[in-house]
Amino acid sequence: MARNPKTTGEHDGAGDTPHATRLPPREAIVEALMRLAAEQPWNDIEIGDIAREAGVTLAEFRECYPSKGAVLGGFARMIDKQVLDGASDDLDDEPTRERLFDVLMRRLDAMDPYKPALRRIVFALRGDPLSLAALNQVALNSQRFMLASAGISTEGPLGRLKLQGVVIAFARVTEVWLEDEDPALARTMAALDREIRNGERFMERAEDVRRLTAPFRALAQSLAEGGRRRRRRGRDDERNEDEGNPLGGDPAAAI
């Protein structure tokens, strides 16, 4: 994958084929955006610039992505695929913490060629709530697969909480990683380990609260069901008294 901006038709030294023509259009557009973002402010990049850099027409661009921001979603899916393709069963017997640490570090490794671009993009979008909300949804989709790769369930009453927690934790780690110039990534790994441990403690407390409040939630549900039954009986009584029951007492008669 190219890491330096090139204009369409330039060679990358790996052969005689232009860089942009070696990739499928969707991937070429992602790569083009990341090359441009590494060299210029995010808000200065137009979709026409990306199309030219990728060697595609605007019609082809539109067929692949509806917007510049959507290309970031394509980038996230590209990284997802790299991480998932690189998964192995070597850590299946290791604790959950170790499996998740490995998956998320491999995600950072996959993102490494795009670090200059990501640094500029994160800086540009930091103050844009709408963009951040959209990216949060992209991150939720990505992390669902990262957790699955680590053998961690995201279903059940606390599944959504667990998933959003990982998204927030990984965003914090990414902030550290973007400024970590140490090839060994010591600061990044320490931050990731800390976030995972904090997440474990938080989920343990959340599970305790869920267990403790189970009787109250069951009581509330029972009361709510009772209220709904009383309202239904009241409506039935009104129909019987004023109009007669049009269903004759048999719900199946409405079919």
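Quick one: Kirkwood hydrodynamic radius for segment 89-209, alpha-carbon pairs, angstrom, one decimal?
It is 15.2 Å.
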For segment 112-119, Karplus couplings with θ = phi - 60° (6.51, -1.76, 1.60), whole Hz, Gly/Pro x: 4, x, 10, 4, x, 5, 5, 4
Mean-position separation - Cα centroids, segment 104-156 and segment 54-74, in angstrom: 20 Å
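Rule-based calculations on the coordinates, nothing more; no lab input. Please read these numbers as outputs of a predicted model, since none were measured by experiment.
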